[in-house]
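A quick write-up on the structure given underneath.
The values are calculated or read from the model by the stated rules, or taken from the named source; none is laboratory data. Quantities reported herein were computed from a predicted structural model and do not represent experimental measurements. Glycine also receives a Cβ, built like all others from the backbone with ideal geometry; neighbour counts cover every protein chain displayed.
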Amino acid sequence: MARHSWLKPSRLAEKHKPLSGAPSKTGARTGSVDDLSPMSPNLELKQLEAELRGVLDAVHSGVLLLAVDGQIRFANAHFGTLFGLDPGVLASLARIEDVAHLLGPLVRAPGPFVERWKFFATGANGPVHDEFELAGPSRRVFERYARSVLDDGGRPLGWLQIYSEITNQRHIQSKLAQTEKMAALGQLVSGIAHELNNPLTSIMGYAQLALGRAPGTLNNEVQMIFAQAERARRIVKNLLFFARQAQPERTRVDLNEIVERTVALRGYELKIENIAIRCELAADLPATLADPHQLQQVVLNLLVNAEQAILESRGRGSIQLRTRKGAESSLLIEVTDDGPGIPAEIVSRIFDPFFTTKPPGLGTGLGLSIVYGIVEQHGGDVAFENLPGGGAKFTVEIPLLAVPAETVCVATAPSADPGNVSPGRVLVVEDELTVAQLISDVLCEEGHKVEAVLDSQEGLSRLARAHYDLIICDLRMPRLDGPAFYDALVRTQSPARDRILFITGDTLGPRTVEFLKLHQLPFLAKPFLVEELKLAANRILAGRARTTSIATAVTQAKL
């Protein structure tokens, strides 16, 4: 704009007052600009200078205007606000070296903070920027940007620095990257877990059958096989927790009760490991809506993480669990240990899936990832900090949601055994040969007549020709999957649609959950136990399947 032409470098040169001129006796001025031209009665020029001061002080960033040789010509008030400098200290800054000397001790990496600007001082004319963090317990990240002020001929008259705090942006970006990483790995893990569930189902099932038959020493060996298969089952379950995409099953929960129940689970192990555990539970903590099983998993994983950190450092120590009400309608669970803490260089990776510092065989790197995923699904957050005197502290924050009066806790007890049932005719539709054979062997021992087919189209053909009292069908199969198989039975009005039991290794997939919930169908989650299979089959054969809700089916699958 014409009336602002005095701001152009060419006008600065015409006034014979370049930015490289001598500094004022008082150094930088807070909220004012050194005269950019000799004293003049020109009121328009004074008005424009006042406008410039107003503009720079209104900028929500720290601004430094410097001469070519590093002399500070102007520092706005927000620069001092960013770094906690009072106006007197800010006014005393005369050169860029004064800024480096003042801010250097506050910065986490002082060397790069100063060295970066030596590059600019050598004559670089293009824009440059970097980021730096302030030292201290709370992370504060700043972006520093600079560019030259040039005249019409491209000669440098000075340079401008702009400082902005970007802590929130980096926090959001970090959470977004973590979420995207977990989503991508979740899809991969879900597929791997599904493939592992089939052989695990067979191993565990036949180990259980063998335990009832193998005498003496052989029985001990089979018991070891079953124990290791059960261990693998728990690992797969953790993988599925990590990969879970379905929403939590919310019900009324008491955080204090969850903490007490979890501590009871680990109390004996902690005692024999010489780890003292203290609970400081808020007496007036209100109930909220959440998934009690998932929150117990969160507390358990944090307990185990603290326990392992203590054992790896000195073999004894203490863990403290605390609950309290947080700000803005939230509830907090704090898990604090007196272990070695976490090295600063890996803090940013502790929630990464499969990242672990533990020796092989002692950790999968999924514990904290599962914590992060569950809390995020609840709309909460997880924070970590190393304590000044040593140790680590994890803080879980979940929203405090109003609990409807009619909401009650989910019952976790299994339904009553339907008792003995008459032998029936069973059709097994399962594309995994060993799983189909296991189901056949178990039910044949129960006195049922069992037929097994590995192809779902063949299963439909047999149902069209003969009557079956029970159909056990896998949900994920080639050609015709479980939902399509069920739809075909509904279209043909086959009575078999009311006598079907699904088995699946994909109980956490959103499409699977939606299908089972929509049709209120009973199912077993792989890898299942022999007793679970017998109980579910007998319940359907006794004519009780259609009254079993999806919640009961989920409970049965978790036994």
Review point. Residues R108, R144, R155: which one is within 25 Å of H171 (Cβ to Cβ) and at pLDDT 80 or above?
Key: R144
Exercise for review: Kindly indicate the residue of the range 467-501 that is of a type in the set (D, E, K, R) and closer than 19 Å to R425 by Cα and also surrounded by the most Cβ atoms within 10 Å (Cβ to Cβ) among those meeting that condition.
Suggested key: D474
Revision key, fill the gap. Residue count, the range 329-347, condition surrounded by fewer than 13 Cβ atoms within 10 Å (Cβ to Cβ) and within 19 Å of the chain's Cα centre (by Cα), comes to 1
**Study point:** Residue under evaluation C444, criteria (1) surrounded by fewer than 17 Cβ atoms within 10 Å (Cβ to Cβ); (2) modelled with pLDDT under 90; (3) of a type in the set (A, V, I, L, M, F, W, C), criterion not met
**Key:** (2)
Review point. Exactly one of (1) at pLDDT 85 or above; (2) part of a loop (DSSP other than H, G, I, E, B) is unmet by R213. Its number?
Key: (1)
Check your understanding: Under the condition of being more than 15 Å from C279 (Cα to Cα) and among the β-branched types (V, I, T), which residue from the range 304-327 is surrounded by the most Cβ atoms within 10 Å (Cβ to Cβ)?
Key -> I310
Exercise for review: Return the pairs, sorted by first residue and then second, in which the second residue is charged (D, E, K, R) and part of a loop (DSSP other than H, G, I, E, B), the first residue lies in the range 448-463 and is farther than 17 Å from T434 by Cα, the beta carbons are less than 8 Å apart, and the residues are 6+ apart or on different chains.
Suggested key: Q457/R479
